[in-house]
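Taking it in order: structure first as structure tokens, then the write-up.
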Amino acid sequence: MSPATASDGARRFASGAAALREQQAYVAGQAADARVNVELDTGDMTLNIGPQHPATHGTLRIACRLDGEQVIAAEPLMGYMHRGYEKLCEVRTYPQCTTLINRIDWLGSFANEVPFILAAEQLMGVEAPPRAQWIRTILFELSRIANVSLFLGDMGVQIGALTPVFFAFRDRERVLNQIEEVTGGRFHPNFDRIGGLKDDLPRGWIAETHAVMAKMRGFCDEMEDLLMGNEIFQTRCRGVGVIPSDVALGYGLSGPNLRASGVDWDLRRDANPGLAWDQIDWRVWTHPDGDSFARYWVRMQETREATKIVDQLLDAIPSGPIMAKVPLIIKVPAGEAYVSTENPLGEMGYYVISKGGLGPFRVKIRTPSFSNISIVPWVMRGTYVPDIITILGSLYFILGDIDR
């Protein structure tokens, strides 16, 4: 073999070896990419929403088990701020209990006091004068407006719209001003009394309240244009967190959450506990869809309706005393009573047992938030991570109402 032939063979061999190495490097690179891109089964992932999270409306933890971004299971874990209201009431006199119970749903204000006072009056056989009943109903509905109007703005924050909540804080202050003018307190009035009320309405308050109700209807119109009619809001809420009526009833839902599933039930109309709702003309709002949008829509309509209820009550409020004749020292006869009212978040009831002392022997409180959050494990299953916040926001619960 000539030197030229041997040299050509060596060059061909070296070229072939280089090509082979290049091919092997390419195959190895593709295999490495494939290994990186393979979705490994690492098991379920646990995502904790809370206990300190802006979407939980207080110190609550939602332990979510995920498959990718889909929720397999969700468990609400509460009790972080349990304050033992029921046992505290059992070592207080009846008048002292109102300072405790109006803090349970801290946005509910005066409405928290009413069912407890009605239960005590039932045990004593006392009925508040008509004027006191009407003022109670007016303050009750003002508490509803102050509570739910904050939800109407805050629901926007849950899905990324910051402006509506500032509108809500602005206009809610007007309602709190009216409550404060009568009771002296914005959040915790401690104004209801067994047999009536602490004071009568101040001069000029009725005309001022009419003006505030008109402004609150304007606020609802703003929320409807700014938020409820927004395409992004509807996309995030419609068809999300659907609760059928039979499931809602099975889990003990009440209030707007139940009516948003198409159940036409409202304690103000169906079990009036002794206030003035049966003296005026008003409507119970329901929605058939049962989704997050329906829950928002029902609360929007109920806020408007509450302003009309207040206007009617103000126009026809009777004259007369605001207190019945009751002993200076309240001593409730032995017996049992349960009274529930349609509070802003749903049914709030007090089961009071008296043994004839100055304070209740036993108190059991049925709070709406505790029952409303019971649906979380059912409604979260199969949803996606962004929907968790939407659903929690639409259920609208207060942690003081849960960890009572």
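Key figures
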read-out: Residues within the range 88-106 that are in contact (Cβ under 8 Å) with a residue 40 or more places away in the chain and open to solvent by 20 Å² or more (accessible area, probe 1.4 Å), tallied; value: 9
read-out: Single condition residue 337 does not satisfy, out of (1) part of a helix (DSSP H, G or I); (2) farther than 30 Å from residue 208 by Cβ; value: (1)
read-out: Every residue from the range 196-240 that is open to solvent by 50 Å² or more (accessible area, probe 1.4 Å), of a type in the set (S, T, N, Q) and part of a helix (DSSP H, G or I); value: 234, 235
read-out: Matching residues in the range 147-173 - criterion: being in contact with an Asp or Glu (Cβ under 9 Å, 6 or more places away or on another chain) and without any contact (Cβ under 8 Å) to a residue 40 or more places away in the chain; value: 165
read-out: Matching residues in the range 125-179 - criterion: being open to solvent by 30 Å² or more (accessible area, probe 1.4 Å), part of a helix (DSSP H, G or I) and more than 28 Å from residue 196 (Cα to Cα); value: 154, 157, 163, 166, 167, 169, 170
read-out: Qualifying residue in the range 81-88 (condition: part of a helix (DSSP H, G or I), under 24 Å from residue 396 (Cα atoms) and at pLDDT 85 or above); value: yes
read-out: Selected residue (criterion: least open to solvent (accessible area, probe 1.4 Å)) from residues of the range 312-340 that are over 18 Å from residue 116 (Cα atoms) and among the polar types (S, T, N, Q); value: 312
read-out: Matching residues in the range 352-404 - criterion: being part of a helix (DSSP H, G or I) and either free of Cβ contacts under 8 Å to residues at least 60 places away in the same chain or on the phi > 0 side of the Ramachandran plot (or both); value: 370
read-out: Residue selected from the range 245-291 under the condition under 14 Å from residue 347 (Cβ atoms) and of a type in the set (S, T, N, Q), by the criterion surrounded by the most Cβ atoms within 10 Å (Cβ to Cβ); value: 257
read-out: Subset of the range 145-157 (residues that are more than 11 Å from the chain's Cα centre (by Cα), polar (S, T, N, Q) and more than 14 Å from residue 295 (Cα to Cα)); value: none
read-out: Scope the range 374-394; condition surrounded by fewer than 23 Cβ atoms within 10 Å (Cβ to Cβ) and either farther than 20 Å from residue 46 by Cα or among the small types (Gly, Ala, Ser) (or both); matching residues; value: 374, 382
read-out: Boolean, residue 259 is closer than 16 Å to residue 368 by Cα and either under 18 Å from the mean Cα position of the chain (by Cα) or modelled with pLDDT of 95 or more (or both); value: yes
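The values are calculated or read from the model by the stated rules, or taken from the named source; none is laboratory data. Values in this document were obtained by computation on a predicted structure and should not be read as measured data. Cβ: placed from backbone, ideal geometry, glycine included. Neighbour counts: every protein chain shown. Surface areas here come from the heavy atoms of the whole protein model, side chains and all, with no ligands, DNA or RNA. Shrake-Rupley method; radii C 1.70, N 1.55, O 1.52, S 1.80 Å.
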